[in-house]
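The values are calculated or read from the model by the stated rules, or taken from the named source; none is laboratory data. In this text, all values refer to a predicted model and were calculated from it rather than measured experimentally. We place every Cβ from the backbone using ideal geometry, glycine too, and count neighbours over all the protein chains shown.
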Amino acid sequence: MTREEIVAFFTERQIAVERRDADALAACHAPDSIVESLMAGTVTGRPAIADLYQAWFMSFPDVIMTLDDLIVDGNRAVVVNGVIGTDTGGFMGMPPTGRPFRLTIIHLYVMGERVITHERRIYDFTGLLVQIGVLKARPA
């Protein structure tokens, strides 16, 4: 893919994010794509990837994810997302806390022919858990 095609790909993909369309987001991945996530570990394949997106949207039904930055180098892309939401759906099997959160997620992508072949998600998982009230922060 060219740089322009990758930029267009992620611009169009953002629409599926805004619609909270887990199936459309999973379709952006190759059938044997791999996603590394702090929340779910390493998952392979579109059905498992769709489940990851769906779990996120169910846990945080009001989530807003902005595409803050996109860096492209050959067949690799880095996307910086700003994310805000509220734990009203329950996160990772825990009851909802009703607490809001704000974080930045860095996504490292390897692109194939018009699909993502590998994705690695980097974010402050512990900070998210503290913000939604699942973990208590100890004073310094």
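Which members of the range 1-42 meet the condition of being without any contact (Cβ under 8 Å) to a residue 12 or more places away in the chain and part of a strand (DSSP E or B)?
Within the range 1-42, Gly41, Thr42 meet the criteria.
Considering each of Phe57, Phe101 in turn, give the residue that is outside any strand (DSSP E or B) and either out of contact with any Cys (no Cβ under 6 Å at 6 or more places or on another chain) or over 20 Å from Gly133 (Cβ atoms) (or both).
On the way: Phe101 fails: outside any strand (DSSP E or B).
That would be Phe57, the only listed residue that is outside any strand (DSSP E or B) and either out of contact with any Cys (no Cβ under 6 Å at 6 or more places or on another chain) or over 20 Å from Gly133 (Cβ atoms) (or both).
Scan the range 46-61 residue by residue and report those that are of a type outside the set (A, V, I, L, M, F, W, C) and under 12 Å from Leu25 (Cα atoms). Before you say what the answer is, go through the steps one by one.
If we filter the range 46-61 for residues that are of a type outside the set (A, V, I, L, M, F, W, C), which is where we start, we get 46-47, 51, 53-54, 59, 61.
Within the range 46-61, Arg46, Pro47, Asp51, Tyr53, Gln54 meet the criteria.
In the range 87-139, how many residues are touching a Pro at 6+ places or on another chain (Cβ under 9 Å), over 24 Å from Val43 (Cα atoms) and touching a residue at least 40 places away in the same chain (Cβ under 8 Å)?
So the first thing to find is which residues in the range 87-139 are touching a Pro at 6+ places or on another chain (Cβ under 9 Å), and the list is 87-90, 115, 131-132.
Subset that is over 24 Å from Val43 (Cα atoms): 88, 131-132.
Checking the rest, the ones that are also touching a residue at least 40 places away in the same chain (Cβ under 8 Å) come to 132.
Qualifying residue count for the region: 1.
Just name the residue that is surrounded by the fewest Cβ atoms within 10 Å (Cβ to Cβ) out of those in the range 60-93 that are among the aliphatic types (A, V, I, L, M) and not in a strand (DSSP E or B). I'd like the intermediate steps shown before the answer.
Of all residues in the range 60-93, those among the aliphatic types (A, V, I, L, M) come to 63-65, 67, 70-72, 77-80, 83-84, 92.
From what's left, not in a strand (DSSP E or B): 63, 92.
Numbers: Val63: 16, Met92: 10.
Result: Met92.
One residue is enough: does the range 42-49 have a residue meeting the conditions touching a Gly at 6+ places or on another chain (Cβ under 8 Å), under 28 Å from Glu4 (Cα atoms) and crowded, with 16+ Cβ neighbours inside 10 Å? Don't jump to the end; show me each part of the working.
Going through the range 42-49, the residues touching a Gly at 6+ places or on another chain (Cβ under 8 Å) turn out to be none.
Checking the range 42-49: not a single residue is touching a Gly at 6+ places or on another chain (Cβ under 8 Å), under 28 Å from Glu4 (Cα atoms) and crowded, with 16+ Cβ neighbours inside 10 Å.
Name the residues in the range 90-113 that are at pLDDT 95 or above, more than 20 Å from Gln54 (Cα to Cα) and either among the β-branched types (Val, Ile, Thr) or out of contact with any strand residue (DSSP E or B) (no Cβ under 8 Å at 6 or more places or on another chain) (or both), would you?
Hit for the range 90-113 is Val110, nothing else.
Mind listing whichever residues of the range 110-140 are within 19 Å of the chain's Cα centre (by Cα), under 21 Å from Val83 (Cβ atoms) and in a loop (DSSP other than H, G, I, E, B)?
Tyr123, Asp124, Ile132
Being surrounded by fewer than 17 Cβ atoms within 10 Å (Cβ to Cβ) and among the polar types (S, T, N, Q) is the filter here, so list the residues in the range 98-133 that pass it.
Selection gives Thr104, Thr117, Thr126.
Restricted to the range 114-131, and to residues that are among the β-branched types (Val, Ile, Thr) and over 30 Å from Thr11 (Cβ atoms), which residue is modelled with the lowest pLDDT?
Taking the candidates together, the pick is Thr126.
Which residues, taken from the range 7-34, are in contact with a Leu (Cβ under 8 Å, 6 or more places away or on another chain) and closer than 19 Å to Ile71 by Cα?
Scanning the range 7-34 gives Val7, Phe10, Thr11, Arg13, Gln14, Val17.
Among the residues of the range 90-114, write down those that are more than 12 Å from Ala77 (Cα to Cα) and of a type in the set (A, V, I, L, M, F, W, C). First the steps, then the outcome.
Going through the range 90-114, the residues more than 12 Å from Ala77 (Cα to Cα) turn out to be 90-105, 113-114.
Selection gives Phe91, Met92, Met94, Phe101, Leu103, Ile105.
Tell me which residues, restricted to the range 4-17, are among the charged types (D, E, K, R) and surrounded by fewer than 12 Cβ atoms within 10 Å (Cβ to Cβ).
Initial filter on the range 4-17 (among the charged types (D, E, K, R)): 4-5, 12-13.
Passing the criteria: Glu4, Glu12.
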